1. When you scan segment 124-135, how many residues do you find that are touching a residue at least 60 places away in the same chain (Cβ under 8 Å) and either of a type in the set (Val, Ile, Thr) or over 22 Å from TYR65 (Cα atoms) (or both)?
2. Could you list, in sequence order, the residues of segment 167-184 that are in a loop (DSSP other than H, G, I, E, B) and either under 19 Å from ALA129 (Cβ atoms) or not assigned by TED's automatic domain parsing to the domain that holds LEU52 (or both)?
3. Would you please name the residue that is surrounded by the most Cβ atoms within 10 Å (Cβ to Cβ), looking only at residues in segment 114-130 that are among the hydrophobic types (A, V, I, L, M, F, W, C) and under 24 Å from GLU53 (Cβ atoms)?
4. Kindly indicate whether any position in segment 34-48 is touching a residue at least 40 places away in the same chain (Cβ under 8 Å), exposed (fewer than 14 other Cβ atoms within 10 Å of the Cβ) and part of a strand (DSSP E or B).
5. Which members of segment 65-101 meet the condition of being in a strand (DSSP E or B) and either buried (at least 22 other Cβ atoms within 10 Å of the Cβ) or of a type in the set (Asp, Glu) (or both)?
6. Across segment 136-161, which residue is nearest to VAL49 (Cα to Cα) among those that are part of a helix (DSSP H, G or I) and free of Cβ contacts under 8 Å to residues at least 24 places away in the same chain?
7. Cβ-Cβ distance below 9 Å, separation of 6 or more or different chains: which pairs start in segment 70-96 with a residue that is without any contact (Cβ under 8 Å) to a residue 12 or more places away in the chain and assigned by TED's automatic domain parsing to the domain that holds GLU143 and end on one that is part of a loop (DSSP other than H, G, I, E, B) and small (Gly, Ala, Ser)?
8. Condition (residue is in contact (Cβ under 8 Å) with a residue 12 or more places away in the chain, at positive phi and in a strand (DSSP E or B)) applied to segment 102-116: is it met by at least one residue?
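The values are calculated or read from the model by the stated rules, or taken from the named source; none is laboratory data. Quick caveat, the model's predicted, so the values are computed rather than measured. Positions of Cβ are generated from backbone atoms using ideal geometry, with glycine treated the same way; all protein chains shown enter the neighbour counts.
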Amino acid sequence: MGDSATFRQIGERPRYSGERLRVVIGTFVGPDGFTFEREIVRTFGAVCVVPLESDRDHVLLVRQYRGPVDQALLELPAGKLDVPGEPPELCAARELAEEVGVKAERLTELGHFWNSPGYCDELTVCFLAEELGVGTRSADGIEEEHLVVERVSLRSVEDLIAAGDIADAKTIAGLLLTRSFLEMPRPGSHPSG
């Protein structure tokens, strides 16, 4: 396996620029000096939020229509980091209010991941939202106006994934990060068993 440090980008040409993304042709040089090109989608970063109810077993997901796949998908609330200078945690709080209509007293960053690094530079930051309270829902766009909030048990996650009911990558990653986070021993706690 080659050292990724021996690969480097040496240029980029714009191909398309839209409201939510840009497409460029990146030029790279490999370890052997070979020059090659790749299509790259440049976009805003993103956030996703796992709204955890006080029973620490149930989360709130949204079923939202997604045009690119022509389906309504069961997903975590999420959104683009498209407000200049807005920190990810504020974006997460805004998206949680917009899509689910709740506020969180505590947001904890669970991790981050590249969504599809073979062609896109979008990095998603995942947050756990706890101590939920009533907020004001303010849908942003026609898809959000028609989304449905669904309550799901964390114990059913593997079954929902296996059945294809949850097929969205950020939702799978976020729910599994949440399960792992909740199972970690905390300072002052004693593992059971």
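1. 8
2. Answer for segment 167-184, where residues must be in a loop (DSSP other than H, G, I, E, B) and either under 19 Å from ALA129 (Cβ atoms) or not assigned by TED's automatic domain parsing to the domain that holds LEU52 (or both): ASP168, MET184.
3. PHE127
4. yes
5. GLU75, ALA78 - these are the residues of segment 65-101 that are in a strand (DSSP E or B) and either buried (at least 22 other Cβ atoms within 10 Å of the Cβ) or of a type in the set (Asp, Glu) (or both).
6. That would be VAL157.
7. Short answer, once both residue conditions are applied: GLN71/ALA167.
8. yes
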